[in-house]
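In what follows, a single structure is set out as structure tokens and then discussed.
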Amino acid sequence: MSIRSVSRARLLGAVSLVALVGLLSVLLLQGRARSATRTDTMTSVAHSVPTAAAKSSSAAPSEAAAPSEAATPTASASPSPAPTPTPTPDAALLAAVAQAQSPTAVSVAVTDLSTGRTLSYGAAGHAFATASIVKVDILSTLLLQAQDQGTTLTAEQESLATTMIENSDNDSASALWLDIGQESGLNAANQRFGLTSTSGGTEGNWGLTTTTAADQLTLLRQVFTGDSLLSPASRSYIQGLLAQVESDQRWGVSAAASGSDYAVKNGWLPRSATGLWVINSIGEVERNGHQLLIAVVSDGNLSESAGISLVQSVAQAAAGSLGTA
């Protein structure tokens, strides 16, 4: 092949290469132009069409944009009434309890059903023998058991209940103590009633059941309020008996009443080992338009009369501490 032929071939190859490069450049530039045009178009759309968020904020208020319930005052959001301040023993109650010089111990618990104010004061944690105030607990247990069984008291049980409460007859109490299952029956009922510091006397000694003033107040709530396991008929039955105790047993918390409207059960017991007296009183009284439940328990009293005087003065002072004077 001649040199001229070789040069011509080389020249044609170079021209073809230049043409190919030029074509590729044109295609690349067209692609960039189309891409730029697409980008400009998308940018234009993005600025001219509101987004979903923009629509929500610029449109009329939607449900989501309406004031929330938390921001709108409602009945449930209204300020609740201020809690009733817990009363504190006043000077009269402090002085009344201070009468109980060792070995005497006394404790009181009182609530005003008209206002809900409640006060406990005295020998906290001291286990007091109930003596005859346990008879209210025995009858409450008997009635609760009858309710559970869907029965009513027998005529004999009603007779025993009357003499046990109105006359504080001990034989009647012993008979009904057996009917309720003695201490196991009493303890089971008291657990349901909410008496947490009361334990039934053992070996048939129901009068040696131990308790506190606070527990006796809890029992009174079962008897005198609708917040009770006892039916209205059962509560009315016990209340009626407590309002008719014999005249020589109407001392005690009744001293806090402003008139003759009260229901009471008392307990008194000389301890053979010491000769000192247990004197207790529980009940409901009306005092200057207020319905009060009061429980006062004491032991170590030097005499029956000294114990009665102590219980009555403490009951009166406790009622006064609730602002019912």
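A few comments on the model shown:
- Residue ID - most open to solvent (accessible area, probe 1.4 Å), chosen from residues in the stretch 128-159 that are of a type in the set (Asp, Glu) and more than 13 Å from residue 230 (Cα to Cα): 156
- Scanning the stretch 162-210 for residues that are closer than 22 Å to residue 241 by Cβ and acidic (Asp, Glu) yields a count of 4.
- Only one of the numbered conditions (1) in contact with a helix residue (DSSP H, G or I) (Cβ under 6 Å, 6 or more places away or on another chain); (2) crowded, with 20+ Cβ neighbours inside 10 Å is violated by residue 228, and that is (2).
- Being surrounded by 14 or more Cβ atoms within 10 Å (Cβ to Cβ), in contact with a strand residue (DSSP E or B) (Cβ under 8 Å, 6 or more places away or on another chain), basic (Lys, Arg) and not in a helix (DSSP H, G or I) is a condition met by no residue of the stretch 214-223.
- Odd one out for residue 236, checked against (1) over 22 Å from residue 161 (Cβ atoms); (2) without any contact (Cβ under 8 Å) to a residue 24 or more places away in the chain; (3) small (Gly, Ala, Ser): (1)
- Qualifying residue in the stretch 106-118 (condition: out of contact with any Gly (no Cβ under 9 Å at 6 or more places or on another chain), part of a helix (DSSP H, G or I), in contact (Cβ under 8 Å) with a residue 12 or more places away in the chain and crowded, with 19+ Cβ neighbours inside 10 Å): no
- Taking the criterion of being in a helix (DSSP H, G or I), more than 22 Å from residue 189 (Cβ to Cβ) and of a type outside the set (Ser, Thr, Tyr), the residues of the stretch 224-272 that qualify are 248, 249, 252, 253, 255, 256.
- Test: residue 303 is surrounded by fewer than 17 Cβ atoms within 10 Å (Cβ to Cβ) and closer than 22 Å to residue 209 by Cα: yes
The values are calculated or read from the model by the stated rules, or taken from the named source; none is laboratory data. It should be emphasised that the depicted structure is a prediction, and the values quoted were computed from it without experimental measurement. Backbone-built Cβ (ideal geometry, glycine too); neighbour counts: all protein chains shown. All accessible areas refer to the heavy atoms of the entire protein, side chains included, with ligands and DNA or RNA removed. Shrake-Rupley method; radii C 1.70, N 1.55, O 1.52, S 1.80 Å.
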